[in-house]
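For reference, the structure is listed below as structure tokens.
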Amino acid sequence: MTNGSLNSYRFSFWIPLFAGLLILVPIFIWSGFISLAKIDGFLVLVLLLLAMRNWFALARTNNKRVERVQLTANDLFLLQQIIPSYKKWSNSDQRILVDQIGLFLAEVRFDGVWTPKNQFTIALAVTLATWDLGYINKQHWVLCASENDTYYIAQDPTAILNAPVFASSAQSLSALLDSESVLALKKVIQGL
């Protein structure tokens with residue numbers, strides 16, 4: 001979480017502050033100042049929330065974490081055009097697919113001439129190719145467009161892939177996972 005930069009979190013300031021305020025709570029109670037103990041406890045809570053918000057913001061900045069792209073209604077309509085059986089999937093599979101596509105679009109850099117539909121179709125294919133593998137960090141991936149609807153991943157420029165085409169007859173998730181374009185992409189991704 002700290003990425004080697006403990007000084008930027010200013011723990012040396014926050015920890016003694018919390019320790020001092022927490023020590024005051026039993027002292028105030030023992031002295032009979034119950035209202036001051038309550039105010040002190042409330043102050044500890046507010047300061048802790050403020051510190052945690054600051055720490056998480058710093059962690060996000062230091063680790064260069066990107067937020068996933070939220071798919072719009074147009075994106076979901078495009079997804080239903082590409083995979084007509086999408087609405088028949090379970091809610092959990094639909095949510096996983098949408099989240100993974102959003103992460104892919106946020107992390108990957110596209111080089112060359114890409115249409116939004118091509119980017120979305122590639123995102124769908126990569127999500128299906130990595131379905132059983134779990135999350136893979138793709139922030140270092142660069143997808144390069146080639147001629148004739150082909151592309152390659154910059155880390156392996158010899159593996160030229162065709163733009164994925166999904167058969168409209170594929171009614172289930174398992175049929176899509178076994179499609180030719182997804183299996184070819186899966187082979188390349190496992191070789192990275």
Two-decimal Rg to Rh for the range 13-68 - Kirkwood Rh, Cα set: 1.22
Which residue, Gln94, Leu45, Val69, has the largest displacement toward the positive end of the dipole of the chain when charges sit on each Cβ (Lys, Arg +1; Asp, Glu -1)? Leu45
Of all DSSP beta bridges located in the chain, what percent are antiparallel, nearest 5? 65 percent
In nanometres, the difference between 0.36 nm per residue of separation and the alpha-carbon distance of Phe110 and Asn74 is 10.9 nm
Residues of the range 84-117 with amide N under 20 Å of the 7 Å Cα→Cβ point at Ser172: 84-97
At 222 nm, what helix-only mean residue ellipticity would the chain give, in deg cm²/dmol to the nearest 500, using -39500 (n - 2.57) for each DSSP H run of four or more? -18500 deg cm²/dmol
Among Ile160, Ile101, Ile23, which one shows the biggest mean-square fluctuation in a GNM of the chain, springs joining Cα atoms closer than 10 Å? Ile23
Once the cut-off is 16 Å, how many percent of the Cα-Cα pairs in the range 41-169 end up in the long-distance tail? 69 percent
Take the Cα coordinates of the range 109-185, assign each an equal point scatterer, and use the Debye formula without solvent to give log10 I(q)/I(0) at q = 0.17 Å⁻¹. -0.66
Report the calculated FRET efficiency for Ile160 and Ala59 (r = Cβ-Cβ distance, R0 = 35 Å), to the nearest 0.05. 0.35
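Values quoted throughout were computed directly from the atomic coordinates according to the rules given, and no laboratory measurement underlies them. The model shown is predicted, which means the values in this text are computed figures rather than measured ones. Every residue, glycine as well, gets a Cβ built from its backbone with ideal geometry; the counts of neighbours run over all protein chains shown.
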